[in-house]
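Participant: The structure is given below, and queries will be raised subsequently.
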Amino acid sequence: MKIGWIGTGVMGFSMAGHVQDGGHDLYLYNRTQKKTEGLVKRGGHWCASPAEVARNAEIVFTIVGHPRDVEEVYLGEEGIISAGGMCHTVVDMTTSSPQLALKIAEESSKHGIISLDAPVSGGDLGAKAATLAIMVGGDTNAFERILPLLQLMGKVISHMGGTGAGQHTKICNQILVAGTMIGVCESLLYASRLGLDEQSVIDVIGKGAASSWLINNLGPKIVRSDYAPGFFVEHFIKDMGIALDEAAACDLSLPGLSLVRQMYIAVKGQGHGRLGTQALMIALRKLNGI
């Protein structure tokens, strides 16, 4: 198939590569063209705008940074929706606003295009290994049609309901990640203060009731002070902001999430917005004079 792909960052590059490896012809756009070069060398086609991607591809996937980027890619002057061409289905895999997903679906339908929201979880490691969890909202028949493509990128793929349901499910994911992440950091901070071997602590508690993907995968990075991004701090702050906005809209108080977001804002304020989410430890160490 002719597949459009917009967004070849930390996760998008690997995800697009799996689709390409599945035998599909890729039409690519990224604001920084250089980040598409590896895919172009393997036979992908560079396009100068999201509109050009849509004019050449049957199905267009997007995974960009912020809701404002999603809106520009879909609804901007050189966006996907008004481009015409052969595009009949669009799939936004960005973690974005459920309300924006509804707006895109409404505008898409006016042009005969079906829109799905399909955010992912698993970070750069899951993207590279094609083991992502993918949560999808939108038309059931469209979901079933694109399922073989999603299976090239992920292992756990679920249709969660109508438009926006994928984004709402990803909000649940990010709320849980936020609470777990501060637990991971504080646990290792305590181990460090008491002189315990932090990796040995991970080896034990990572196999018991406290086991989580974060302690077992990001815990060792924290021990090594490896803050290279699998998922950017600044993007996680965005996700938590969306979650708090949606919670407020349904009169729900999430004090734990609010606290963790403030801690991450401190990390960004210290100049670490482009580090990985495990960089929360930097702020906690500074708070404790370590």
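Participant: Can you tell me which of (1) aliphatic (A, V, I, L, M); (2) in contact (Cβ under 8 Å) with a residue 60 or more places away in the chain; (3) under 27 Å from A127 (Cα atoms); (4) not in a helix (DSSP H, G or I) is the one A228 doesn't meet?
Facilitator: Condition not satisfied by A228: (2).
Participant: Also: For the range 191-209: of the residues being more than 20 Å from N288 (Cα to Cα) and in a helix (DSSP H, G or I), which is nearest to the chain's Cα centre (by Cα)?
Facilitator: Only one residue fits best here, namely I202.
Participant: What is the number of the single condition among (1) modelled with pLDDT of 95 or more; (2) of a type outside the set (A, V, I, L, M, F, W, C); (3) surrounded by 14 or more Cβ atoms within 10 Å (Cβ to Cβ) that S200 does not meet?
Facilitator: If we test S200 against (1) modelled with pLDDT of 95 or more; (2) of a type outside the set (A, V, I, L, M, F, W, C); (3) surrounded by 14 or more Cβ atoms within 10 Å (Cβ to Cβ), just (3) comes out false.
Participant: Pick from the range 69-119 the residues that are among the charged types (D, E, K, R) and assigned to a loop (DSSP other than H, G, I, E, B): which of them is surrounded by the fewest Cβ atoms within 10 Å (Cβ to Cβ)?
Facilitator: If we take residues in the range 69-119 being among the charged types (D, E, K, R) and assigned to a loop (DSSP other than H, G, I, E, B), then E77 is surrounded by the fewest Cβ atoms within 10 Å (Cβ to Cβ).
Participant: Being in contact with a strand residue (DSSP E or B) (Cβ under 6 Å, 6 or more places away or on another chain) and at pLDDT below 95 is true for just one of G154, G164, G122. Which residue is that?
Facilitator: G122
Participant: Look through the range 120-145, keep the residues that are β-branched (V, I, T) and crowded, with 24+ Cβ neighbours inside 10 Å, and return whichever of them is nearest to the chain's Cα centre (by Cα).
Facilitator: Only one residue fits best here, namely V120.
Participant: Pick out the one residue from A283, A279 that is buried (at least 17 other Cβ atoms within 10 Å of the Cβ), modelled with pLDDT under 95 and over 18 Å from H168 (Cα atoms).
Facilitator: Answer to the selection: A283.
Participant: While we're on this one: Restrict the check to the range 101-115 and report whether at least one residue is closer than 18 Å to D245 by Cα and under 16 Å from the mean Cα position of the chain (by Cα).
Facilitator: The answer is yes; a qualifying residue exists.
Participant: Additional query: So which residues in the range 28-54 are hydroxyl-bearing (S, T, Y) and within 18 Å of E72 (Cα to Cα)?
Facilitator: Within the range 28-54, Y29, T32, S49 meet the criteria.
Participant: Hey, another quick one. Looking at the range 20-32 only, could you name the residues that are modelled with pLDDT of 95 or more and over 20 Å from K128 (Cβ atoms)?
Facilitator: Within the range 20-32, D25, Y27, Y29 meet the criteria.
Participant: Now a separate question. Within the range 167-179, can one find any residue that is over 27 Å from S96 (Cα atoms) and either outside the structural domain of L132 (by TED's automatic domain parsing) or not in a helix (DSSP H, G or I) (or both)?
Facilitator: no
The values are calculated or read from the model by the stated rules, or taken from the named source; none is laboratory data. Everything numeric here is computed off the predicted structure, so don't read it as measured data. Using ideal geometry, Cβ is built from the backbone for each residue, glycine included, and neighbour counts are taken over all protein chains shown.
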